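Chemist: The following block contains the structure, expressed as structure tokens.
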Amino acid sequence: MRSFGNILIFLLFTLNITGQTDPEAIKILDKFSENALKAPSVSMKFKMITTNLTDNTTDSLEGSVILSKDRYRLDLPDNTVWFNGETSWSYLSEEKEVTITKADKKDNTFQSRPSLIFSLYKKGYKSRLIEERTDSYIIDLYPEDIKSELLRVRLSIGKSLFNLISLEYKRKDGVINTLHVNEYNLKVKPEADTFIFQPGKYKDTEVIDMR
């Protein structure tokens, strides 16, 4: 079974939201980005649903994530990941093991620079404002690379707060990942140890140090 943690990270943080085709869509995405980047952190509680149209299966899980500049903590039912900007700790609760890795300074993916989720939207995709509803905007993103496994990303962004309501990631292989955001908070001021694994809280844990 694929790790839900890997799916979620792939879903959330490989998006390079962009497109010069629709100025209205860009204006909305710019505001969404601006609000997130000026906040002390972005906290989300979510439910993720993965649907496979090929074999008619559906899986779901709930979790939460908090991001602050290039730091984050991701909490899933069986996996917690901390990243303090330099080091990542991935803890598997059932196995009672934590894997430690070091970030590559040249790496521009989420694992090394999570703040890029809000600023890398100026290349890689074309955008279109599909619908303006009473309380939200629906924006579709299409990859410029025709070889991409992605067909479309659909975002629902709140009109009053420019918050993320949902995100749908549709792939060519018939898999649809949908993230429903239950809570979106820009006011949390996290402590520094929020993004660091605390050994004292996880006793009898096997440490796999890959730094």
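Rule-based calculations on the coordinates, nothing more; no lab input. Everything numeric here is computed off the predicted structure, so don't read it as measured data. Glycine also receives a Cβ, built like all others from the backbone with ideal geometry; neighbour counts cover every protein chain displayed.
Chemist: Going 7 Å from the Cα of K38 toward and past its Cβ, which residues in the range 54-93 have a backbone nitrogen under 17 Å from where you end up?
Modeler: Output list for this probe position: 69.
Chemist: Using a 10 Å cut-off on Cβ atoms, rank the peptides 170-176, 42-48 from the highest mean neighbour count down.
Modeler: 42-48, 170-176
Chemist: I would also like to ask the following. What GluC sites (Glu not before Pro) in the range 54-94 are in a loop by DSSP, with at most 11 other Cβ atoms within 10 Å of the Cβ?
Modeler: For GluC sites (Glu not before Pro) across the range 54-94 that sit outside H, G, I, E and B with at most 11 neighbouring Cβ atoms in 10 Å, the list reads E94.
Chemist: Excluding E95 itself, calculate the net charge of residues whose Cβ lies under 13 Å from the Cβ of E95, where each Lys or Arg counts +1 and each Asp or Glu counts -1.
Modeler: Local charge sum for E95: -4.
Chemist: Label point 7 Å out from I100 along Cα-to-Cβ: which residues of the range 40-84 have amide N under 14 Å?
Modeler: 82-84, by backbone N distance to the label point.
Chemist: Under 1.5 on a/c is rounded, so check that first for the range 135-211, then, if it is not, pick prolate when a/b is larger than b/c and oblate when it is not; a ≥ b ≥ c are the square roots of the alpha carbon gyration tensor eigenvalues.
Modeler: Judged from the Cα gyration tensor, the range 135-211 comes out oblate (a/c at least 1.5, b/c at or above a/b).
Chemist: If I take R0 = 41 Å and measure r between the Cβ atoms of E132 and E86 in this structure, what FRET efficiency does the formula 1/(1 + (r/R0)^6) give, to the nearest 0.05?
Modeler: 0.45
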